[in-house]
Amino acid sequence: MRIGREDRIVHLYNQPSTRRVCDGGLPFSDEGRFPEALNELKEKEKQLFRHAQWQLRSHYLTKLNPEDQSFRQLDDEASLPFLHIDKGATTINGGLSIVRHIRIDSEHHDLCESSSHFALKTFKKGPVSEEYFRKELGANQQAPRHDRIVPVLTAFKHRRRFHLILPYASGGNLQELWTTYSSRGALGGRAAPWYSTQWLLSECLGVAESLAVTHQPAITTDQGGQRNSTPQVHADIKPRNILCFGTVEGGHQSYTLKLADFGFARQVNGDSTLPVGDVTHTKTYRPPEYDMEDFIHLNYDVWCLGCVYLEFITWAVLGWSAVENFTNRRLGEYDGARTSEAKGEDYEDTFFKKVSRIPRWYDLSGLKFEADRNTKSTSKKTATSQRSFRMSRGKIPISCRVKESVKSHIADIRNQEACVPEIREFLDFVEEKMLVIDAGKRVNSSEVEIFLRDMTDRQNDQD
């Protein structure tokens, strides 16, 4: 019918049963495979038939096995089984990929029995995007399986583009949730009917669980998940990589938070460390050891998570506008003098700042004193001074500290009426245990999970 030769339909139907044609016999790629009833078509009509037949063929998308890091090469002529693709797309990874909401025909996939809604991540054409796709697929497949971790459902190449399909998060990412809703209507935005202190603590616990699973050896959990046998640093924890999946509780819309995007994740060495150069960091949430040390530890992620928790608490107590103001306050506090090679002040949105520890014997004009080599030391005091001057050669000692804007912001939150005792206890833990400059004194992800589990249990007992 698409080529205007309806008269051949009867001929196709009347063929012997052994040569009968059905959709499963498509596509016909050459004259030798064409049914006799179609051999009378003109060459141009056959070409049109070859093109039109693909519109009746659609791929069946199968779920990846947990250990499978390969992807399917789909036939370019056949269409993808998408019933709907959102026109709006979110650009991520520096423009290398976009994410869109799609619906897939339930007869054409085994990705999920309970939903036909998914997220399609499409990578741009080119070798750089292909390399990033392969790395992201491999890293995500190495991630542990857990209820609070977003899995890659399938991966394929179609018409020279690489694609990943993931579960669809109807609430978007955590930052989008913050900009859309508020914990109370008076803070601007739509009031979140599901919000409560218990929800805040429970969802923060869920994210902590996902991180603890990523950091710990393989153990089967009560939730049916599995801890990864090789510890990994996620290395990209930020609000945009925490997705919000819609649920219904008590007749109201609610959201469950899950950790996503293990594209930058790296397995740690036997001593649970990783060279700094192997990590692609998230600029705002990176910990101070990224700038100061040669190796990082699993607690790298704990600092990042502490930053996210602090912004989460800010949203809960003061609303999204306060989160934006907090960003501006951090930007307004620059690193100390002589801490980098950049000229002038170094403005950067981080939660820490670098400061120089200039010795008293250091000449701020940039010159370093040194006794005349021909002058003999006449006392121990002179000899000591000479050694000090010589030691001043080289780089100025630099240390890090939590920004004053962060400390004052935390103090401001504590003074708010909406900062109830449970949130204040959580805030104290973030400040004193997670946002700690010395990574060796920072709590690990399991301790974060234990703390929040204890808090949620106590909250549940009160209710």
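Readers should treat all values here as calculations from the given coordinates under stated rules, not as data from a laboratory. All values reported here derive from a predicted model rather than from experimental measurement. Positions of Cβ are backbone-derived with ideal geometry, glycine not excepted, and every protein chain shown enters the neighbour counts.
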Query - Contour minus Cα-Cα distance for GLU432 and VAL248 (0.36 nm per residue) - result: 62.7 nm
Requested in this report: Treat each spin label as a single point 7 Å out from the Cα along the C-beta direction, and report the ARG72 to ASN415 distance in nm.
Outcome: 6.0 nm
Report task. Can you tell me how much longer the chain between SER79 and SER196 gets when fully stretched, taken as 0.36 nm per residue apart minus their C-alpha distance, in nm with one decimal? Result -> 37.6 nm
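Students often get this wrong, so check it: of LYS63/LYS258; LYS63/LYS283; LYS354/LYS407, which have C-alpha atoms separated by over 26 Å? All intermediate terms of the calculation are to be shown ahead of the outcome.
Numbers: LYS63/LYS258 20 Å; LYS63/LYS283 34 Å; LYS354/LYS407 15 Å.
The pairs that break the limit, which is 26 Å between Cα atoms, are LYS63/LYS283.
Neighbour counts of other C-beta atoms within 10 Å: give me MET455, MET434, MET292 arranged from fewest to most. The partial results should precede the final answer.
Working: MET455 21, MET434 24, MET292 15.
With the sparsest Cβ surroundings first, the list reads MET292, MET455, MET434.
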Query - Loop-resident sites, segment 392-463, for GluC sites (Glu not before Pro), counting at most 10 other Cβ within 10 Å (DSSP) - result: GLU417
Query raised in the report: Amide H to amide H under 5 Å from LYS238: which residues, 5+ apart in sequence or cross-chain, H placed 1.01 Å off N in plane?
Result: none
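Quick one: grab the alpha carbon gyration tensor of segment 72-167, order the square roots of its eigenvalues as a ≥ b ≥ c, and give me rounded if a/c is under 1.5, else prolate or oblate depending on whether a/b is larger than b/c.
Details: a/c = 1.44, a/b = 1.09, b/c = 1.32.
Here segment 72-167 falls in the rounded category.
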Query raised in the report: Sequence-distant or interchain residues sharing an amide H contact under 5 Å with TYR168, placed H: which?
Result: ALA119
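Could you give the length gained on full extension between THR327 and THR62, defined as 0.36 nm per residue of separation minus the Cα-Cα distance, in nm?
Details: separation 265, 0.36 × 265 = 95.40 nm, distance 4.29 nm.
Length difference between fully extended and current span is 91.1 nm.
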Query raised in the report: How large is ³J(HN,Hα), in whole Hz, for each residue of segment 111-127 in order, when computed from phi with the Karplus curve 6.51 cos²θ - 1.76 cosθ + 1.60 and θ = phi - 60°, using x for Gly and Pro?
Result: 6, 7, 7, 9, 8, 10, 9, 9, 10, 9, 9, 10, 9, 5, 5, x, x
Report summary line: Simple spin-label estimate for THR179/GLU107, 7 Å along Cα→Cβ, in nm, reads 4.0 nm
